[in-house]
Each structure stands twice: as structure tokens, then as C-alpha cells.
1. Out of everything in segment 41-52 that is under 21 Å from SER105 (Cα atoms) and in contact with a Ser or Thr (Cβ under 9 Å, 6 or more places away or on another chain), what residue ends up being surrounded by the fewest Cβ atoms within 10 Å (Cβ to Cβ)?
2. Specify the residue that is surrounded by the most Cβ atoms within 10 Å (Cβ to Cβ); the eligible residues are those in segment 87-110 that are in contact with a helix residue (DSSP H, G or I) (Cβ under 6 Å, 6 or more places away or on another chain) and among the hydrophobic types (A, V, I, L, M, F, W, C).
3. Which residue pairs have Cβ atoms under 7 Å apart, sit 6 or more places apart or on different chains, and have a first residue in segment 93-106 that is touching a residue at least 60 places away in the same chain (Cβ under 8 Å) and a second that is in a helix (DSSP H, G or I) and surrounded by fewer than 20 Cβ atoms within 10 Å (Cβ to Cβ)?
4. Out of (1) in a loop (DSSP other than H, G, I, E, B); (2) in contact with a helix residue (DSSP H, G or I) (Cβ under 8 Å, 6 or more places away or on another chain); (3) modelled with pLDDT under 95, the odd one out for ASN49 is which?
5. From the list VAL15, VAL38, VAL55, exactly one residue is within 13 Å of the chain's Cα centre (by Cα) and crowded, with 19+ Cβ neighbours inside 10 Å. Which is it?
6. Just to be sure I understand, how many residues within segment 1-21 are in contact (Cβ under 8 Å) with a residue 40 or more places away in the chain and in a loop (DSSP other than H, G, I, E, B)?
7. Pairs, please: C-beta under 9 Å, at least 6 apart or cross-chain, first residue touching a residue at least 40 places away in the same chain (Cβ under 8 Å) and in segment 40-60, second of a type in the set (Lys, Arg) and part of a loop (DSSP other than H, G, I, E, B)?
8. Could you say whether any residue in segment 22-29 is at negative phi, in contact (Cβ under 8 Å) with a residue 40 or more places away in the chain, in contact with a strand residue (DSSP E or B) (Cβ under 6 Å, 6 or more places away or on another chain) and in a loop (DSSP other than H, G, I, E, B)?
Amino acid sequence: MSNLKYSASHEWVSVDGDIATIGITDFAQSSLGSIVFVDLPQVGKTFENNAVFGVVESVKAASDLYIPLSGTVIAVNDQLTGSPDLLNSDAEKTFIIKIKMANPSELDALLSKADYDALPK
């Protein structure tokens, strides 16, 4: 998806109006390996920018998920509860949460695909 923005902590964001859809990057899922569990937040929970909103566990390690924008969770991908491996199939098309953004100007701090790809990994 070319309309994605990225965080340095390997989350992607797609925006439609004041709704942001968030997932993990292909780099993050390939680094983790086979994902076996995703800890999802509750709908209605509010997070500040860069707060931990969940955890992804793989056979290799557990990794915190950092929310790249302030906002309130309006949806979670319940399919990940029973099939966390969906993130291994196509991480950048499988969302984890959707939020109503509290401060859309925070989008300006996110990275383009080219800038994200240029980060040292």
C-alpha cells in the first residue's frame, strides 16, 4: 500500500479522515518470525503517542507494540486472537487496531515508505 506512513518502531498507519488503521511492518514480522500470540487493547481505551498498546509474541521473542498516534481505540482485529499468524501472511495488509485520532498533526512526524526503508535496521 503506497498511502502508508511508518514509525521508527516498525508500525504502519493508514488514515481515512480522522480514523487511523495501525499494524506492524513486514520488517517487524520477519524479524519476529512465526507469530503465536497478539495481545490486543480494549475498544474504548485511549493512548498517548508512542505508548505501548499491545504485545506481539513469536516463537523467538515478545515485542511491545507502540501506538504511533494519540487516540482512542475504536476497533481491534479480533481475527488475530484465534489466528495471530495472519500477521505472517501479509503484515502490511493485516491491521491490529483502528483509532480515532486525537491529534492528526502527529501524522507529520511519521515516515514515508522511502524514509522508513532508509532507516538502519
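1. GLU48
2. Checked segment 87-110; the qualifying residue surrounded by the most Cβ atoms within 10 Å (Cβ to Cβ) is LEU87.
3. If the second residue must be in a helix (DSSP H, G or I) and surrounded by fewer than 20 Cβ atoms within 10 Å (Cβ to Cβ), the pairs left are THR94/LEU86.
4. Tallying (1) in a loop (DSSP other than H, G, I, E, B); (2) in contact with a helix residue (DSSP H, G or I) (Cβ under 8 Å, 6 or more places away or on another chain); (3) modelled with pLDDT under 95, ASN49 fails exactly one: (3).
5. VAL38
6. Residues that pass the stated criteria total 7.
7. Pairs found: PHE53/LYS45.
8. So far as segment 22-29 goes, yes, one or more of its residues are at negative phi, in contact (Cβ under 8 Å) with a residue 40 or more places away in the chain, in contact with a strand residue (DSSP E or B) (Cβ under 6 Å, 6 or more places away or on another chain) and in a loop (DSSP other than H, G, I, E, B).
The values are calculated or read from the model by the stated rules, or taken from the named source; none is laboratory data. Quick caveat: nothing in here was measured; it's all calculated off a predicted structure. FYI the Cβ positions are ideal-geometry reconstructions off the backbone, even for glycines, and counts take in every protein chain you see.
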